[in-house]
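Colleague: Take a look at this one; I'll ask things after.
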Amino acid sequence: MSIEIKVPTVGESISEVTLVKWHKQDGEYAERDEVIAELESEKATFELNAEQAGVIKTIAKEGDTLNIGDVVCSIDTDAPPPPPRRNQRKSLRKLRQKRKKQRPQNLMIT
């Protein structure tokens with residue numbers, strides 16, 4: 001399934017914002033609540049978060065002026081997460097080994 005991420009309402013008097021920067025590029029995977037873009041109004045700068053985990057499909061471009069409610073991107077929520085990078089796998093392996101050593105070895109369950 002694909003969901004649309006729209007420019008949220010940020011204040012009563014604000015009707016448009018500028019997409020300042022993409023933190024996630026087209027085709028990248030984003031976790032739920034991860035910052036995917038930075039938006040700016042005449043009064044403030046704020047972050048746009050992913051509402052669900054999935055692969056980003058950008059629609060707006062950096063520098064675009066967007067109205068409140070405009071679609072910024074979509075997220076393919078059916079896309080699988082990418083495999084862990086090599087250094088992440090090593091860290092996970094070390095963590096599992098550490099936990100295994102911390103477990104009591106001779107437990108009798110009756």
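Colleague: Going through the stretch 25-78, which trypsin sites (Lys or Arg not before Pro) have at most 13 other Cβ atoms within 10 Å and a DSSP loop state?
Modeller: ARG32, LYS43, LYS61
Colleague: If the viscosity is 0.890 mPa s and the temperature 25 °C, what Stokes-Einstein diffusion coefficient in µm²/s follows for the stretch 2-82 when Rh is the Kirkwood radius over Cα pairs?
Modeller: My calculation gives 195 µm²/s for D.
Colleague: Can I ask one more? What is the distance, in nm, between label points placed 7 Å from the Cα along the Cα-to-Cβ direction at GLU31 and at PHE46?
Modeller: 2.4 nm
Values in this text are rule-based calculations from the coordinates and carry no lab data. All values derive from a computational prediction rather than experimental measurement. With ideal geometry, Cβ positions are generated from the backbone for all residues, glycine too; neighbour counts draw on all protein chains shown.
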